[in-house]
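Read through the structure below, which is laid out as structure tokens, and then see the notes.
The values are calculated or read from the model by the stated rules, or taken from the named source; none is laboratory data. Since the structure is predicted, the reported quantities are computational estimates derived from the model, not experimental observations. Using ideal geometry, Cβ is built from the backbone for each residue, glycine included, and neighbour counts are taken over all protein chains shown.
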């Protein structure tokens, strides 16, 4: 399978714990995006990378959230001191980065904070 | 703030009916994508439109990009239960220089057999 891969697919954690999600983009894609989606809503932009550089971050990405893409390939999204409001699906997507390009999504990582 | 507004938000129709979903903005987009999403899964790309006035067809689905590249529509002919899902439009602002994709709030379609 050469699509965008995310893991874990599901994570249940206690409030206050840290969680980390991993995304492996499509291999030749240089842009990688993280989105958050809650039930009944469209995906909300969190951040994106071009290669290893983090080019833009949403105000939604509080100081408890950090994303990295150290070698310009896979990326991690870490949430520290989780809160119940962090419960959502975290979506990763990647693209080639050319004009008119399309982003392709992974299957998402569901986070439930109890 | 860029916004993509989708209408209607919810749609429940009988199998065989036609429907149109709209995606509107005050911003100009360099490209616009339509996705369908099943519960618990990531969005799956249906189409990308790039040129103002462009029309693309995917079997019973017809996508149109507005002449001014500010709006788009998705028309489904003879809807089937398998078309049920959340339809999302997404676009990249053509002027800001960012490559941040903005998503609409979605249209939840239910096709009844």
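Among residues belonging to region B:25-61 that are within 13 Å of the chain's Cα centre (by Cα) and in a loop (DSSP other than H, G, I, E, B), point out the one that is farthest from the other protein chains (Cβ to nearest Cβ).
The qualifying residue farthest from the other protein chains (Cβ to nearest Cβ) is B:25.
Matching residues to (1) within 12 Å of chain B (Cβ to nearest Cβ); (2) in contact with a strand residue (DSSP E or B) (Cβ under 9 Å, 6 or more places away or on another chain); (3) modelled with pLDDT under 90; (4) under 15 Å from residue B:103 (Cα atoms):
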{"residue": "A:11", "(1), (2), (3), (4)": "no, yes, no, no"}
{"residue": "A:25", "(1), (2), (3), (4)": "no, yes, no, no"}
{"residue": "A:35", "(1), (2), (3), (4)": "yes, yes, no, yes"}
{"residue": "A:46", "(1), (2), (3), (4)": "yes, yes, no, yes"}
{"residue": "A:50", "(1), (2), (3), (4)": "yes, yes, no, no"}
{"residue": "A:56", "(1), (2), (3), (4)": "yes, yes, yes, no"}
{"residue": "A:72", "(1), (2), (3), (4)": "no, yes, yes, no"}
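Which numbered condition trips up residue A:20, out of (1) closer than 21 Å to residue B:98 by Cα; (2) more than 9 Å from chain B (Cβ to nearest Cβ); (3) touching a strand residue (DSSP E or B) at 6+ places or on another chain (Cβ under 8 Å); (4) surrounded by fewer than 18 Cβ atoms within 10 Å (Cβ to Cβ)?
Exception for residue A:20: condition (1).
Restricting the first residue to region A:101-112 and requiring it to be facing another protein chain (nearest Cβ under 7 Å), which pairs with a second residue that is assigned to a loop (DSSP other than H, G, I, E, B) meet a Cβ separation below 6 Å and a spacing of at least six or different chains?
A:104/A:4; A:105/B:42; A:105/B:43; A:106/A:4; A:106/B:42; A:107/B:41; A:107/B:42; A:108/B:42
Does residue B:99 meet the test of being without any contact (Cβ under 8 Å) to a residue 12 or more places away in the chain, closer than 25 Å to residue A:93 by Cα and surrounded by 14 or more Cβ atoms within 10 Å (Cβ to Cβ)?
Numbers: without any contact (Cβ under 8 Å) to a residue 12 or more places away in the chain: yes; closer than 25 Å to residue A:93 by Cα: yes; surrounded by 14 or more Cβ atoms within 10 Å (Cβ to Cβ): yes.
Yes: the conditions hold for residue B:99.
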